[in-house]
Amino acid sequence: MSRRRLSKSQCVCIALLWGALCYLVLTGAKRVDGPVILMILLSGALVFIPIVKALRK
């Protein structure tokens, strides 16, 4: 079963939601240490790799 491609507006919306979630995590954290930074980097990879693939096609 084939998956539909993401539109540009969907990519922008997903990126903005990810940014808002990162802002909430960073402002709510008592201190920004290794696990928080690692979580943000991994979530960024999970969000932006499919977006980049969708925009290249």
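Scan region 48-56 and tell me whether some residue there is surrounded by 10 or more Cβ atoms within 10 Å (Cβ to Cβ), touching a Lys or Arg at 6+ places or on another chain (Cβ under 6 Å) and touching a residue at least 40 places away in the same chain (Cβ under 8 Å).
yes
From (1) in a helix (DSSP H, G or I); (2) without any contact (Cβ under 8 Å) to a residue 12 or more places away in the chain, pick out the condition that doesn't hold for Arg3.
(1)
Within region 1-44, take every residue that is of a type in the set (Gly, Ala, Ser) and closer than 19 Å to Lys57 by Cβ and give me the one that is most open to solvent (accessible area, probe 1.4 Å).
Residues of region 1-44 that are of a type in the set (Gly, Ala, Ser), as a first pass: 2, 7, 9, 15, 19-20, 28-29, 34, 43-44.
The next check asks that each one be closer than 19 Å to Lys57 by Cβ; those that pass are 2, 7, 9, 15.
Details: Ser2: 109, Ser7: 48, Ser9: 82, Ala15: 29 Å².
So the residue we want is Ser2.
Kindly indicate whether Arg5 is of a type in the set (D, E, K, R) and in contact with a helix residue (DSSP H, G or I) (Cβ under 7 Å, 6 or more places away or on another chain). Break it down stepwise before answering.
Working: of a type in the set (D, E, K, R): yes; in contact with a helix residue (DSSP H, G or I) (Cβ under 7 Å, 6 or more places away or on another chain): yes.
Spelling it out, Arg5 is indeed of a type in the set (D, E, K, R) and in contact with a helix residue (DSSP H, G or I) (Cβ under 7 Å, 6 or more places away or on another chain).
The values are calculated or read from the model by the stated rules, or taken from the named source; none is laboratory data. On a predicted model such as this, the values are computed, not experimentally measured, just so you know. Glycine gets a Cβ as well: all are built from the backbone with ideal geometry, and neighbour counts include every protein chain shown. All accessible areas refer to the heavy atoms of the entire protein, side chains included, with ligands and DNA or RNA removed. Shrake-Rupley method; radii C 1.70, N 1.55, O 1.52, S 1.80 Å.
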